[in-house]
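Reading through the structure tokens given below for one structure.
The values are calculated or read from the model by the stated rules, or taken from the named source; none is laboratory data. Since we're looking at a predicted model, the values are computed, not measured. Cβ placement follows ideal geometry from the backbone for every residue including glycine, while neighbour counts extend to all protein chains displayed. These area figures cover heavy atoms from the full protein model, side chains too; ligands, DNA and RNA do not enter into them. Shrake-Rupley method; radii C 1.70, N 1.55, O 1.52, S 1.80 Å.
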Amino acid sequence: MKKRTVSFKILVYNSIEELSSIDNNLMLAAIEARENAYAPYSDFKVGAAVLLENGKIVLGNNQENAAYPSGLCAERVAIFYAGANFPNVKIQSIAISASSINYILETPVAPCGSCRQSMLEYETKQNQPISLLMMGKKGEVLKCNSISEILPLAFDSSYLTS
Ligand code: THU
């Protein structure tokens, strides 16, 4: 038996103002998208902005449903839109911002497991990392360089072929 360590580095910015202008612009788009979230059940709004390599930004936000599991997270709304409408354009990065109607969220929000799996699919498909920016309503912004970092030991298409 041997031990293997799985680790990754994450960048921590004190606020959105510390980001590069490209990242700042993408996070502002995520914040704008967040305001249009349909979240009457959780009161928790999430916005996602996907930057394509052609410079286009695709937006998404969480869409809830009276039958709770039928809703969808912001990240998947955005990335599925990108996959559906720009199937051959690579994705550079994704920014997400979340806020609650009931309190001020000052901690960066991290994507749920299903969104990590869904985003990883597109990283595998394009064979190029997608960077991820995470933020609450205000405060610190986290950045990681690849979706694979936040989903170690992932299941991907490589298992489906010999
Ligand atoms: N949600 C997202 O949109 N993205 C995440 O990464 C976490 C959770 C949504 C789903 C649901 O509409 C609400 O936030 C509360 O879970």
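Out of the residues in segment 93-111 that are within 16 Å of residue 149 (Cβ to Cβ) and either near the ligand (Cβ under 9 Å from one of its atoms) or of a type in the set (S, T, N, Q) (or both), state the one that is surrounded by the most Cβ atoms within 10 Å (Cβ to Cβ).
Within segment 93-111, the match that is surrounded by the most Cβ atoms within 10 Å (Cβ to Cβ) is 96.
I need a count of the residues in segment 37-60 that are touching a helix residue (DSSP H, G or I) at 6+ places or on another chain (Cβ under 9 Å), more than 7 Å from the ligand (Cβ to nearest atom) and open to solvent by less than 50 Å² (accessible area, probe 1.4 Å).
So the answer is 10.
Considering only segment 65-86, I want to know if a residue exists there that is within 12 Å of the ligand (Cβ to nearest atom), out of contact with any Leu (no Cβ under 9 Å at 6 or more places or on another chain) and in a loop (DSSP other than H, G, I, E, B).
Looking for residues that are within 12 Å of the ligand (Cβ to nearest atom), out of contact with any Leu (no Cβ under 9 Å at 6 or more places or on another chain) and in a loop (DSSP other than H, G, I, E, B), one finds at least one in segment 65-86, hence yes.
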